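Read through the structure below, which is laid out as structure tokens, and then see the notes.
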């Protein structure tokens with residue numbers, strides 16, 4: 001049981017690493033964000049090589065199954081990433097609003113000067 | 001005394017039925033009363049004939065190159081007012097709800113130096129008739145009013161009124177930051193919390209001339225929840241006091 005989970009997690013991590021490397025190579029995501037993903041995968045990989053650590057923490061935090069804790073962990077990581085993205089989108093929106101307003105005012109002034 | 005530069009900001013989204021009357025109303029008022037109000041329409045990327053009407057009739061207007069929503073449109077007006085050194089900026093709906101007759105009353109407290117911002121209020125003078133909106137919305141406005149009191153310690157009756165006048169300091173503040181969503185109640189609370197003097201001036205509003213109010217499309221309960229949440233966070237936030 002434990003071995004199967006370890007194997008699944010390793011395969012899962014490898015697929016993710018492959019996918020992110022692909023995106024990075026094509027220049028679709030900046031290194032900054034690729035790094036966050038690599039680090040999260042690294043955490044999962046380390047833990048999957050030492051299932052004892054999983055079992056220890058699962059017991060400590062009251063999870064009935066080790067797999068439950070793994071899922072919880074992944075959801076936690078995703079949660080943080082989504083919030084970070086949320087903040088970024090809000091920042092982008094502020095910037096586009098500013099651009100739209102400034103360009104529109106400039107355009108009006110240009111029209112008026114003619 | 002040098003006469004004050006006054007700008008009327010008219011945000012418009014799909015207001016082909018009303019925009020010409022609204023603008024002409026202001027121009028006629030200027031002629032009759034020898035006032036000198038400038039007016040500028042902010043066309044928020046209307047999809048109807050608003051733009052054509054504005055162009056054909058030579059109405060000064062800023063065309064937003066992309067739709068921003070009411071908050072972004074009004075802020076564009078405040079930015080323009082700040083850039084061109086206006087002393088007072090007035091928010092004025094493009095749908096014919098507001099009456100230019102009240103502009104003078106609205107800006108008087110600011111001209112007299114008694115207020116930094118004024119709000120055209122439907123609820124102050126109970127004797128004035130006119131459009132006071134539906135019962136459900138009045139309850140909503142009362143609730144928001146209570147939350148603004150909670151957030152800023154001061155009472156405002158017509159919290160969602162889009163008929164407001166602002167002096168230079170507030171024009172500057174608004175040009176720097178203005179909420180995209182639910183702008184009126186939020187800015188009212190923020191301005192109060194910064195220590196500015198706000199006064200409400202009784203006005204009469206008309207029912208919309210034509211078209212559909214964007215308010216009707218609001219999902220009211222969701223709107224209320226959002227506004228109250230922002231107001232609670234304004235209560236928690238600290239603001240730099242004005243002098």
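A few notes on this one:
- Residue match in region A:86-98 (condition: within 30 Å of residue B:178 (Cα to Cα) and touching a helix residue (DSSP H, G or I) at 6+ places or on another chain (Cβ under 7 Å)): yes
- Residue in region B:111-127 that is modelled with pLDDT under 95, over 16 Å from the mean Cα position of the chain (by Cα) and over 15 Å from residue B:200 (Cα atoms) present: yes
- Enumerated helices (runs of 4 or more DSSP H) restricted to region B:49-131, each holding at least 3 residues that are touching a strand residue (DSSP E or B) at 6+ places or on another chain (Cβ under 6 Å) and more than 14 Å from every other protein chain (Cβ to nearest Cβ): B:103-111
- Unmet requirement for residue A:86, which otherwise passes all of (1) within 14 Å of chain B (Cβ to nearest Cβ); (2) under 24 Å from residue A:29 (Cα atoms): (1)
- Given (1) surrounded by 12 or more Cβ atoms within 10 Å (Cβ to Cβ); (2) more than 14 Å from chain B (Cβ to nearest Cβ); (3) modelled with pLDDT of 90 or more, number of the condition residue A:66 does not satisfy: (3)
- Any chance residue B:156 is closer than 22 Å to residue B:92 by Cβ and not in a loop (DSSP other than H, G, I, E, B): no
- Taking chain A as the region of interest, the helices (runs of 4 or more DSSP H) fully inside it that hold 3 or more residues being in contact (Cβ under 8 Å) with a residue 60 or more places away in the chain are A:2-25, A:66-113.
The values are calculated or read from the model by the stated rules, or taken from the named source; none is laboratory data. Here the structure is a predicted model, which is why all the values come from computation and not from measurement. Don't worry about glycine lacking a Cβ; one is built from the backbone with ideal geometry, like all the others, and counts go over all protein chains shown.
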